[in-house]
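**Q** Below you'll find the structure I mean.
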Amino acid sequence: MSAGQSANSKAAILVEALPYIVAPAFSAFTALLARAGYDCVGLDISAKLIAVGRRKHPDIEFLEGDIEHLPFPDASFDGVLLSGVVHHFPDPSRCAAEVFRVLRPRGRFFAFDPNRMNPFMWLYRDRASPFYSPLGVTENERPVLAHEVLAVFENTGFTVSTHYLSGLAYRYVASQRARLLLPVYNFIDAVVFGLGFMERLRPFVLTVGTKR
């Protein structure tokens, strides 16, 4: 996947999340890829989110659709970005199979999700936590375990690697109480989880794969 590709070579953004939280990021990611020279398609299951993307970026194609039943022919794309998608599925196997189907040979995917091994993500976003908050969260949402995501995509036919990200400051969460603690969280994230030995405890998992 490289910038300035031909019109029939596409990088797809696929987002599955609550519209009022993710709408700016969804359309922004798509627009950034478009400005870099990619032929992009933004897709989401939410009609409201698609409407936001079309209104903000009328020159970019946005489609309403289901990641488990993508409305594209086989081998349509050189790259797929799954931005906050995988952690919505108790079993992401069907999602992985659809990504594999629509990618061309040697095509790549990037999946970005909260990390269950991070203590803050577990405390706030995991249903097993006594401090779990359901505000701004869909019923099927749960931070991921990196090795489980890697295994699903490897079993689908990808060569996969896992990376861990920190230093991505939060500006908003749905819970008003948790919002008061964001400066503390952002400070700890930037200072503590950036240390090398804390790598696997960083807040986000980036899973990257190439279609074999």
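The values are calculated or read from the model by the stated rules, or taken from the named source; none is laboratory data. Quick caveat: nothing in here was measured; it's all calculated off a predicted structure. Cβ: placed from backbone, ideal geometry, glycine included. Neighbour counts: every protein chain shown.
**Q** Here is a list of conditions, (1) in a strand (DSSP E or B); (2) crowded, with 21+ Cβ neighbours inside 10 Å, and residue 159 meets all of them except one; can you say which number that is?
**A** With respect to (1) in a strand (DSSP E or B); (2) crowded, with 21+ Cβ neighbours inside 10 Å, residue 159 is out only on (2).
**Q** Another one. Out of the residues in region 164-193 meeting the condition of being loosely packed, with under 14 Cβ neighbours inside 10 Å and within 21 Å of the chain's Cα centre (by Cα), tell me which one is nearest to residue 96 (Cα to Cα).
**A** Checking each candidate, the answer is 168.
**Q** Another question, if that's okay. Mind checking which pairs have a first residue in region 78-90 that is touching a residue at least 40 places away in the same chain (Cβ under 8 Å) and among the aromatic types (Phe, Trp, Tyr) and a second that is crowded, with 21+ Cβ neighbours inside 10 Å and assigned to a loop (DSSP other than H, G, I, E, B), Cβ under 8 Å, 6 or more apart or different chains?
**A** Listed by first residue and then by second, the contacts come to nothing, as the list is empty.
**Q** Answer with yes or no whether residue 102 is of a type outside the set (Asp, Glu), farther than 27 Å from residue 201 by Cβ, surrounded by 20 or more Cβ atoms within 10 Å (Cβ to Cβ) and at pLDDT 90 or above. First the steps, then the outcome.
**A** Working: of a type outside the set (Asp, Glu): yes; farther than 27 Å from residue 201 by Cβ: yes; surrounded by 20 or more Cβ atoms within 10 Å (Cβ to Cβ): yes; at pLDDT 90 or above: yes.
Here the answer is yes, as residue 102 does meet what is asked.
**Q** Let me ask you something else. Return yes when residue 124 is surrounded by 15 or more Cβ atoms within 10 Å (Cβ to Cβ), of a type outside the set (A, V, I, L, M, F, W, C), in a strand (DSSP E or B) and touching a residue at least 24 places away in the same chain (Cβ under 8 Å) and no when it is not.
**A** So residue 124 fails the test.
**Q** Another question, if that's okay. Six or more apart or on different chains, Cβ atoms under 8 Å: show the pairs whose first residue is in region 93-108 and touching a residue at least 60 places away in the same chain (Cβ under 8 Å) and whose second is among the basic types (Lys, Arg) and not in a helix (DSSP H, G or I).
**A** 100/211; 103/211; 104/211; 105/211; 106/211; 107/211; 108/211
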